[in-house]
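Only the coordinates and a few stated rules stand behind these numbers; no lab work does. Predicted, not measured: the structure shown is a model, and the values here were computed from it. Glycine gets a Cβ as well: all are built from the backbone with ideal geometry, and neighbour counts include every protein chain shown.
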Amino acid sequence: MSAAKKSPVTRDSLVTLLTANGLTRNEALAYLTLLEDESDQGMSGYEVAARSGIPRSAVYAVLRKLENAGAAFCYGEPARFSPTEPSRWIEQTRRETRSRLDVLSVGLASLPKRSNPEPVWILNRYTEIMDRIDAMIRQAQQSIYLSLWPRELTLLMPAVRAVAARDLHRVLHSPAVIPEQPMGFACWVDDVTGDASREGWSHKALVVVDREFALIGGTEPDSDNHTVWTANPSLVDVATNHIILDITLLAQSRGVDPAEVVSPMMRPHLG
């Protein structure tokens, strides 16, 4: 297969690249004009202005700025200008930029450290809530803790199956009987059948991934849910602890010990 043809380098594209790397448009035009000169005599400001389109009234200020940037040098009387060889100028610019960034890095590191609060995002529409949960599950690297109604769990099964091969701590709590137990999950499933008060509960979701991200709130298709998605550590803990509480209460009602499941969910000092 033949190699793909490279896009031709045009004067306009070079101007764009030069301006992206710190020169003004007039400085870029002046530098290219100096490079395009085939004589070895350098160019006067008048000649640069005539060939580049830079106004004569501005051309000497532009050329002096090129000098200051190390891209050109001036000699003779009257003044004539020649370009710095591109590779030499680029290397000089690279060193100077690296040096400035090093100084900036030290300066910024010396500022007092302040704890910035993690943002809290509000999700209202059912579809955006389900899309967010789907994405959270697919991005999991360490753990997935879910508290979902069967309707939402069914919609999320493709995401659950997509991460089935990963080594994750997986816990599921559901307030009602689920049609399919997801592979690899420790499942704690209640049964609201026949309990009119609980059967009528609105659907809510608690999702915690990697103990870093949490989603908390309603999952009703026809409601303005005001569901929260966040990386705020306190809210992540609230969501995790709520799932732990639901599992613990369900385990107590059945006379079983949930410690094996919930201990890894706790912060180290609580486990």
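Just the Kirkwood number for the stretch 101-179, please: inverse of mean 1/r across all distinct Cα pairs, in Å, one decimal.
Final number for the Kirkwood radius of the stretch 101-179 is 15.7 Å.
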Treating only the Cα positions of the stretch 64-122 as identical point scatterers, give the base-10 log of I(q)/I(0) from the Debye formula at each q in 0.17, 0.27, 0.31 Å⁻¹.
-0.73, -1.06, -1.16
A correct Karplus calculation of ³J(HN,Hα) over the stretch 30-42, with 6.51 cos²θ - 1.76 cosθ + 1.60, θ = phi - 60°, whole Hz and x for Gly and Pro, returns 5, 5, 5, 4, 5, 5, 7, 5, 8, 7, 10, 9, x
The stretch 127-207: GluC sites (Glu not before Pro) falling in loop per DSSP and having at most 11 other Cβ within 10 Å
E180
Log entry: pair-distance distribution for the stretch 23-67, C-alpha pairs binned every 10 Å from zero, whole % per bin is 32, 61, 7
Taking N as the residue count of the stretch 120-265, its alpha carbon Rg divided by 2.2 N^0.38 Å gives 0.98
So which chymotrypsin sites (Phe, Trp or Tyr not before Pro) in the stretch 129-231 end up in coil per DSSP with only 12 or fewer other C-beta atoms within 10 Å?
W201
Antiparallel DSSP beta bridges within the chain, percent to nearest 5:
70 percent
In the chain, what is the volume of the convex hull around the alpha carbon atoms, normalised per residue and reported in Å³?
259 Å³
Stokes-Einstein diffusion coefficient of the stretch 12-90, Kirkwood radius over Cα pairs, 10 °C, 1.306 mPa s, in µm²/s:
129 µm²/s
For the stretch 182-255 and the stretch 138-177, what is the centre-to-centre distance using only Cα atoms, to the nearest Å?
12 Å
Looking only at trypsin sites (Lys or Arg not before Pro) in DSSP loops with at most 13 other Cβ atoms within 10 Å, what is the longest site-free stretch of the chain?
7-112
